[in-house]
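Contents: one structure, followed by commentary.
The values are calculated or read from the model by the stated rules, or taken from the named source; none is laboratory data. Model, not experiment: these values are computed from the prediction. With ideal geometry, Cβ positions are generated from the backbone for all residues, glycine too; neighbour counts draw on all protein chains shown. Ligands, DNA and RNA are excluded from the accessible area calculation, which covers all protein heavy atoms including side chains. Shrake-Rupley method; radii C 1.70, N 1.55, O 1.52, S 1.80 Å.
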Amino acid sequence: MVRALPLFLALALAAPAAASGDCRLCYSDSARPGERPLALEIFADLNFAKLAMTGREGGSAEVDAASGSKRTGGGLVSLGGMAITGRGRVTGEPLREVRIDLPQSVPMSAPDGGAAQLVDFTSDLPNRPVLDANGELSFSFGARLVIRGTGGGNYRGRIPITVDYN
């Protein structure tokens with residue numbers, strides 16, 4: 001039995017403390033006097049494309065942050081479509097080192113009540129990320145989607161990403 005699962009999407013949300021007024025995907029941190037505040041913008045959502053469940057044991061799909069490639073395991077197979085890494089941009093004080101933290105796990109839910117989880121987040125960030133001379137740093141992130149049992153659906157969740165000066 002092959003059960004087709006619709007498009008998997010995960011919305012990334014910048015979230016140190018409180019979101020700015022107009023942009024749900026932007027956050028500005030209060031900086032020290034004279035220092036440019038940090039802002040995080042997510043401009044591409046993490047997307048696993050089309051997947052299908054082939055059994056009852058569940059499975060997983062992973063999008064690699066560096067290459068954008070998709071791998072599946074267990075009872076989950078790819079039906080094609082292009083997987084997309086999440087993409088973000090941090091702006092702030094030029095040449096400042098920043099810390100960007102991705103979560104350990106994120107619960108996902110489908111409109112029909114199905115549940116899944118995003119785990120094992122990765123990014124293409126260096127060990128010590130530094131804003132460039134324009135005060136910008138772009139990065140990609142990926143994760144592994146884990147589905148237990150046979151619950152299919154259009155899963156969504158919010159990925160809290162925190163950014164701060166080091």
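Observations, loosely collected:
- Ranked by how many other beta carbons lie within 10 Å on average, peptides 44-54, 72-82, 123-133 from highest: 44-54, 72-82, 123-133
- Less than 5 angstrom separates the built amide H of Tyr155 from those of Leu9, all sequence-distant by 5 or more or on a different chain.
- Coupling constants for the stretch 132-137 follow from the phi torsions by the Karplus curve (6.51 cos²θ - 1.76 cosθ + 1.60, θ = phi - 60°), and in residue order they are 6, 4, 8, x, 10, 8 Hz; glycine and proline get x.
- Under 5 Å from the amide H of Ala65 lie the amide H atoms of Gly142, each residue being 5 or more positions distant or on a separate chain, with H modelled from the backbone and absent for Pro and chain starts.
- Taken per residue, the accessible surface of the stretch 34-99 reaches 44 Å², heavy atoms only and a 1.4 Å probe.
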